[in-house]
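Here is the structure we will look at.
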Amino acid sequence: MSKKIVLATSNKGKVVEIKNMMDGFLVLNYTDIIAPFHIEEDGSTFKDNAIIKAKAVFEALGDDEAIVLSDDSGICVDVLGGAPGIYSARYAGVGANDKENLQKLVESIKAAGFESSPAHYTAAIAIATKDGISTVHGHMYGTAITTPRGDRGFGYDPMFIPEGFENTLGELDDEVKNKISHRGRALELAKVIINTLY
Ligand code: ITT
């Protein structure tokens, strides 16, 4: 029987990517089981926020057997001193959508006097069970550009060219992104941990 993993996210892009990368596991989102609820992400690192989300959902499920997996991620742009970082989801303000956040990042890089910048994505994944929490990280380095291209992926993907590529993540196939992405790398480590659980 496949192991059941419950995702702790409200981001549809993450759900699609994680499900595609977790062959052999039964992956549900927590909103398939209980009503969605607001989780205050007030940590000061990706890891802190991943832990907050995994714990909140584990507790809300009230199921001792649950394996809950959360992802806290974002993009850090060098010429902006690492912004938006942990604030990536609300860079253009609380409730901003992907398009508004991307536009704000394009404008911020231009306002700093650049057309592009070295940048990287980070993903912290937390796994919560009745025995406690484990965390892992993954990174993807590349360039943030101010002329977005493509409509694949989500978030800032149309303005990010991974190292070694010429296309943006908005143009590259999903399988290519998953192989090299921050989330893909963190998930490979997360699977090792999950495979040691009950
Ligand atoms: P949950 O907290 O409910 O999981 P969220 O969208 O609020 O959903 P985060 O707080 O982790 O998630 O913020 C991540 C943001 O970083 C996300 O909204 C995107 O803007 C960006 N991001 C993260 N991974 C990305 C990826 O693979 N491609 C593009 N943008 C990404």
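The values are calculated or read from the model by the stated rules, or taken from the named source; none is laboratory data. In this text the structure is predicted, and so the values were computed from the model without any measurement. With ideal geometry, Cβ positions are generated from the backbone for all residues, glycine too; neighbour counts draw on all protein chains shown.
The figures follow:
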| read-out | value |
| --- | --- |
| Residue in the range 146-167 that is assigned to a helix (DSSP H, G or I), in contact with a Pro (Cβ under 7 Å, 6 or more places away or on another chain) and within 11 Å of the ligand (Cβ to nearest atom) present | yes |
| Subset of the range 26-40 (residues that are surrounded by 18 or more Cβ atoms within 10 Å (Cβ to Cβ) and either touching a Gly at 6+ places or on another chain (Cβ under 8 Å) or not hydroxyl-bearing (Ser, Thr, Tyr) (or both)) | 27, 29, 39 |
| Residue list for the range 66-87, restricted to those being surrounded by fewer than 19 Cβ atoms within 10 Å (Cβ to Cβ) and not small (Gly, Ala, Ser) | 78, 79, 87 |
| Test for residue 24: is it at pLDDT below 95, within 29 Å of residue 173 (Cα to Cα) and small (Gly, Ala, Ser) | yes |
| Among (1) of a type outside the set (S, T, N, Q); (2) part of a loop (DSSP other than H, G, I, E, B); (3) touching a strand residue (DSSP E or B) at 6+ places or on another chain (Cβ under 9 Å), the one test that residue 142 misses | (2) |
| Strands (runs of 3 or more DSSP E) fully within the range 1-104 counting 2 or more residues that are without any contact (Cβ under 8 Å) to a residue 40 or more places away in the chain | 26-29 |
| Pairs where the first residue, in the range 157-168, is surrounded by fewer than 24 Cβ atoms within 10 Å (Cβ to Cβ) and the second is in a loop (DSSP other than H, G, I, E, B) and of a type in the set (Val, Ile, Thr), C-beta under 6 Å, 6+ apart | 158/168; 161/168 |
| Single match in 3, 14 (criterion: away from the ligand (no atom under 14 Å from the Cβ) and touching a Phe, Trp or Tyr at 6+ places or on another chain (Cβ under 9 Å)) | 3 |
| Failed item, numbered, when residue 125 is tested on (1) part of a loop (DSSP other than H, G, I, E, B); (2) in contact with a helix residue (DSSP H, G or I) (Cβ under 7 Å, 6 or more places away or on another chain) | (1) |
| Among (1) under 21 Å from residue 185 (Cα atoms); (2) surrounded by fewer than 17 Cβ atoms within 10 Å (Cβ to Cβ), the one test that residue 63 misses | (1) |
